[in-house]
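Student: This is the structure I want to talk about, given as structure tokens.
The values are calculated or read from the model by the stated rules, or taken from the named source; none is laboratory data. Nothing here was measured: the structure is a model prediction, and the numbers come from that model. No Cβ is skipped: glycine too gets one built from the backbone with ideal geometry, and neighbour counts run over all protein chains shown. The accessibility values were calculated without ligands, DNA or RNA, using every heavy atom of the protein model including side chains. Shrake-Rupley method; radii C 1.70, N 1.55, O 1.52, S 1.80 Å.
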Amino acid sequence: MGTKFKLSMTVISIIIGFMLAIQFQTIKKPKVRDTRDMWELREDLLKEQDLQSKLLKEISSNEERIEKYEAKVKDSKEQALKDTLDELKKEAGQTEVNGPGIVIKIDVLKEALLLGEKVKDVSPVLLKRLVNDLNMYGAKQISIDGERVINTTVIRDINGDTKINGHSINQYPLEVRVIAENSESADKLYNRIQVSPVIDEFFVDNLKIMIGKPEESISIPAYDESIRIRYMKPVK
């Protein structure tokens with residue numbers, strides 16, 4: 001009787017120990033949860049909705065272009081090709097554009113100068129973040145310090161010198177011109193960029209962003225360099 005009791009207690013003790021070990025392991029390695037707050041989730045959702053809207057607009061635009069091209073081909077192949085070429089040059093940024101938008105100026109904080117702090121050139125990371133936010137908020141065309149931003153534009157640091165399209169960005173104030181689709185979009189762009197977190201990131205680097213009110217007509221220069229196309233060949 002005593003032996004059976006001891007054996008039963010041993011088995012029970014082993015089971016309880018095993019259960020405690022499992023519970024301890026569960027507590028030690030909790031499931032990874034999404035710790036983003038409501039505003040961060042709303043911001044991510046907004047980005048996805050904006051991306052979806054842009055993709056749908058692009059699909060619709062391409063379908064409309066194909067229809068127009070097919071209609072023009074019936075009338076005049078030469079004129080159809082010329083119109084298509086002009087349209088593609090405009091989309092590629094090889095023509096000067098005008099439209100409603102805003103002008104943003106980036107300058108050095110006076111407080112930093114008074115304290116004798118050294119202000120570096122604006123970092124490529126900050127410029128890329130600003131461009132991404134502007135695109136997300138409805139920008140159609142952008143220029144930085146007179147340099148047109150296109151799909152192949154590279155913003156990078158070369159030997160401590162920030163460059164865009166090979167042009168050095170090392171003088172303040174720095175002007176960023178932005179064109180929106182229409183006046184209403186320009187107003188929305190103006191309101192949304194004012195509360196963008198990127199403004200605080202510039203402030204950390206002793207830089208301030210001044211956002212001008214929407215204007216009816218802003219001019220952005222054409223991309224004046226040759227566009228190199230890699231990994232693409234003409235079809236015979």
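Student: Among (1) within 27 Å of LYS89 (Cα to Cα); (2) open to solvent by less than 70 Å² (accessible area, probe 1.4 Å), which single condition is GLY212 missing?
Tutor: Every listed condition holds for GLY212 apart from (1).
Student: Among the residues of segment 194-209, how many are open to solvent by less than 70 Å² (accessible area, probe 1.4 Å), over 16 Å from ASP44 (Cα atoms), part of a helix (DSSP H, G or I) and in contact (Cβ under 8 Å) with a residue 40 or more places away in the chain?
Tutor: Residues meeting the conditions: 2.
Student: Against the conditions (1) of a type in the set (Ser, Thr, Tyr); (2) at pLDDT 90 or above; (3) part of a loop (DSSP other than H, G, I, E, B), where does TYR172 fall short? Just the number, please.
Tutor: Of the numbered conditions (1) of a type in the set (Ser, Thr, Tyr); (2) at pLDDT 90 or above; (3) part of a loop (DSSP other than H, G, I, E, B), the odd one out for TYR172 is (2).
Student: Test GLU87 against the stated conditions and say whether it is at pLDDT 90 or above and over 19 Å from the mean Cα position of the chain (by Cα).
Tutor: Numbers: at pLDDT 90 or above: no; over 19 Å from the mean Cα position of the chain (by Cα): yes.
The answer is no for GLU87.
Student: Out of (1) open to solvent by 20 Å² or more (accessible area, probe 1.4 Å); (2) touching a Phe, Trp or Tyr at 6+ places or on another chain (Cβ under 6 Å), what's the single condition that is false for LYS140?
Tutor: Result: LYS140 fails condition (2) only.
Student: Return the only residue of THR162, THR153 being in contact with a Pro (Cβ under 7 Å, 6 or more places away or on another chain) and surrounded by 15 or more Cβ atoms within 10 Å (Cβ to Cβ). If you could, list the steps in order and put the result at the bottom.
Tutor: Details: THR153 fails: in contact with a Pro (Cβ under 7 Å, 6 or more places away or on another chain).
The conditions single out THR162.
Student: While we're here: Among the residues of segment 137-154, count how many are at pLDDT 90 or above and aliphatic (A, V, I, L, M).
Tutor: Of segment 137-154, the ones at pLDDT 90 or above are 137-149.
Now restrict to residues that are aliphatic (A, V, I, L, M): 139, 142, 144, 149.
Here the count works out to 4.
Student: Another one. Mind checking which pairs have a first residue in segment 147-170 that is over 15 Å from VAL125 (Cα atoms) and a second that is aromatic (Phe, Trp, Tyr) and not in a loop (DSSP other than H, G, I, E, B), Cβ under 9 Å, 6 or more apart or different chains?
Tutor: Partner pairs satisfying both residue conditions: none exist.
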